[in-house]
Amino acid sequence: MLKRKSLFVLAVMALLSCISFPAAAQSHGGDSAFNEIFGLVELPFLIIAIVFSFLVAKRLKGGKFGSGMQLLAWGFLIMAVGHLHMQVDQVYNFNLFNTLLGDVAGRAAWFVALIATWGLSALGFLKIYKASSL
């Protein structure tokens, strides 16, 4: 059963990667196109990291390891939303935060999201580290 799930995840990851390449290949320009390609290619891998983070946290059923993994998963989710937002802003020149909240509040929301991502990741790793040194 595990092999079947692993093969399914690898197939989904490959499909998402293949979908990302044609979209990124349509961009024009030097370094900007290079950054767009890798920005789009990283999104499927972030999605896979999020899925596995939540699956591992669920499998660990709480505890210090599970709660640490849960914090990491939420940090990865916020990070993925931020990266998706950056790609939409770069490719389509549409900034959702600035559109909804205005220039200053949009930047503040972006900063809060960054701090939340780093904070959740740091707390998750700290919990896992403390649990591993018992």
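The values are calculated or read from the model by the stated rules, or taken from the named source; none is laboratory data. Keep in mind the model is a prediction, meaning the values are calculated, not measured. Ideal geometry is used to build each Cβ from the backbone, glycine not excepted, and the neighbour counts take in all protein chains shown.
Here are a few things to note about the model shown:
Rundown of residues vs (1) under 21 Å from ILE50 (Cβ atoms); (2) of a type in the set (Asp, Glu); (3) free of Cβ contacts under 8 Å to residues at least 60 places away in the same chain, yes/no style:
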site	(1), (2), (3)
LEU71	yes, no, yes
GLY82	yes, no, yes
ASN93	no, no, yes
PHE97	yes, no, yes
ASP103	no, yes, yes
ILE115	yes, no, yes
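- Top-ranked residue in segment 74-95 [being under 19 Å from ILE37 (Cβ atoms) and not aliphatic (A, V, I, L, M); ranked as surrounded by the most Cβ atoms within 10 Å (Cβ to Cβ)]: GLN87
- Unique residue being farther than 27 Å from ILE37 by Cβ and under 19 Å from the mean Cα position of the chain (by Cα) when the list is GLY68, GLY63: GLY68
- Within the set LYS58, LYS64, the sole residue that is in a helix (DSSP H, G or I), among the charged types (D, E, K, R), modelled with pLDDT of 90 or more and under 30 Å from ALA131 (Cβ atoms) turns out to be LYS58.
- Boolean, VAL104 is exposed (fewer than 14 other Cβ atoms within 10 Å of the Cβ), over 20 Å from the mean Cα position of the chain (by Cα), β-branched (Val, Ile, Thr) and at pLDDT below 95: yes
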